[in-house]
4 protein chains.
Amino acid sequence: MTVPTVSETLVRVNYSETDQMGVAYHARYLVWLDIARTEHLRLCGASYRDLESTGLRLAVSEVAVRYRQPARFDDRVRIRCWVREVGSRRITFGYALEHADDGRLLATARVALLALDRSMALSRLPAEVRGLFRPVADPVPLGLRGASADE
Amino acid sequence: MTVPTVSETLVRVNYSETDQMGVAYHARYLVWLDIARTEHLRLCGASYRDLESTGLRLAVSEVAVRYRQPARFDDRVRIRCWVREVGSRRITFGYALEHADDGRLLATARVALLALDRSMALSRLPAEVRGLFRPVADPVPLGLRGASADE
Amino acid sequence: MTVPTVSETLVRVNYSETDQMGVAYHARYLVWLDIARTEHLRLCGASYRDLESTGLRLAVSEVAVRYRQPARFDDRVRIRCWVREVGSRRITFGYALEHADDGRLLATARVALLALDRSMALSRLPAEVRGLFRPVADPVPLGLRGASADE
Amino acid sequence: MTVPTVSETLVRVNYSETDQMGVAYHARYLVWLDIARTEHLRLCGASYRDLESTGLRLAVSEVAVRYRQPARFDDRVRIRCWVREVGSRRITFGYALEHADDGRLLATARVALLALDRSMALSRLPAEVRGLFRPVADPVPLGLRGASADE
């Protein structure tokens, strides 16, 4: 099986996600990133549900998002997701969100997660989990301050 | 009236905000930052509702959050909020989230907003709005990559 | 084109939808009903986005949900949706939510919507909108108090 | 201590709760009911956090809401909450949501909860929990179909 280095997940903006500006509310993007991350793991052969049942938790430790164009109700948004870096305790994902119909870049993002154990204490990523991921260079510049500095 | 340079807003973690890790879900922090920002504006003499009725919109253009300690159901969280920078089109806020009972630092964050007009086109912050804010140096180091580099 | 009398929409429970009981939080079901309703309209030939652009708003006036079995993270949920009744100002939908893999009934629901105009005043459903729908008898008993009494 | 029969909890509509109709999205009301229920328990001497730590879970089994007037961004909403009925396994709450400034009735609601144990199996409400509540007749007619029929 060829492991995808950049996965693509589609979401459609639902009515609950709009705000009175008439666009998707900014906090919802973090949920989309989460959905895309779960799909990315699945494509890499890891079900996050199964990972949790072994006692591992991946907790978000840092988030950075740059919003470029609004998404609107009923728009389909394509979330491109990749692994930027895998450390012994930490994994960092990169994201580009695009309008599915015209390809416009809507947002870029970076999310870092830490491995925790069942009791929520810092832990190590099991070797077999680390081995699932193939870090790649950003296919799209994230345009986030500091994003490339120390990663 | 003395304009507060650092405002404080309390939220209590409700059940809908928890996830199956037993902690407040990370995307909810962005909503708390929004609530604190609205209260900060109110203390500075600006109702965001009134600002919108004049045609101004403040749209989030960038978000960065560092999560340090989890918040749990029924915890009260104190959100300290301040203005870091006011430009002609952009305003940046800094935040420190603390556990209200023991003062533990839960998260730090930075949010940048852009002024838009009614048609969601880039606009300028009206002088009277800019004049409401008194930017201050971060009372708490944000610990966000790039946070201090270019602001 | 054959208009479907009962549509089916799939959603997958994402992490943000879980709570610390380890199940999908009950308020999220209302969002799923909304998503299914939008898809039902689409299958009937009506885009809710387009309807809104003509000035029509369909505002939820009543909701009733009976929760029977929990849905869990990563579960796929099939939402069966149908029109129960179409009046001059009001349309009522029925729903059955099932676990997509084993068909277990998770919840049943009823949602009534009122037609409003752009200024949020009560309005009439345009004849061409009313004509899109084919009310059917509940394919699944809703088990909601009063559900069959006056509809 | 006098146990309140009808508690009052205030929430303020935040931006994330609005939708593109310019009003509070209907699913958010269920979160407000949850917040009010937690406060009602607290006033009755029961912390829901503490109840959960004893192994008890109160899971929503039925919800009915009638929406009467929209709530808007920054509005303060007063949630009046009371216990309608306490059974051996089930407790039912009634609610009236009012605009805090002018008292307008925004919505009425009924929520039934079932006692579950740690493994999410049906359980009994402990006698000491049952004893905390003083069911009262609805101070406001709920106007929900079937609401008074069998309770």
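Brief remarks follow.
- In the elastic network of chain D, a GNM with C-alpha springs shorter than 10 Å, the most mobile of D:ALA109, D:ALA36, D:ALA46 is D:ALA46.
- Computed [θ] at 222 nm, deg cm²/dmol, chain A (DSSP H ≥ 4; -39,500 (n - 2.57); rounded to nearest 500): -5000 deg cm²/dmol
- Inter-copy label distances at B:PRO141, shortest first and taken from points set 7 Å along Cα to Cβ: 2.9, 6.5, 6.7 nm.
- Taking Lys and Arg as +1 and Asp and Glu as -1, the other residues whose beta-carbon sits under 12 Å from that of B:GLN69 total +1.
- Relative to the longest principal axis of the Cα atoms of chain C, the long axis of helix C:28-43 makes an angle of roughly 50 degrees.
- Values of log10 I(q)/I(0) for the range C:84-151 across q = 0.24 Å⁻¹ run -1.05, by the Debye formula with one identical scatterer at each alpha carbon and no solvent.
- Amide H contacts of C:ARG104: C:HIS99, each under 5 Å away and 5 or more positions distant or on a separate chain (H built 1.01 Å from N in the peptide plane; Pro and chain starts excluded).
- Beyond 34 Å, the tail of the calculated P(r) for the protein assembly as shown holds 42 percent of the Cα pairs.
- The other copies place their D:ARG76 label points at 1.7, 4.7, 4.9 nm from this one, listed shortest first, where each point is 7 Å from Cα along Cα→Cβ.
- Per principal axis, descending, Cα span of the range A:1-50 in whole Å: 45, 21, 13
- Normalised convex hull volume, chain D, alpha-carbon set, Å³ per residue: 122
- Label distances, nm, C:SER47 versus same residue in remaining copies, Cβ-directed 7 Å point: 3.7, 3.7, 5.2
We did not get these values from a lab; they are worked out from the coordinates using the rules stated. Predicted, not measured: the structure shown is a model, and the values here were computed from it. We place every Cβ from the backbone using ideal geometry, glycine too, and count neighbours over all the protein chains shown.
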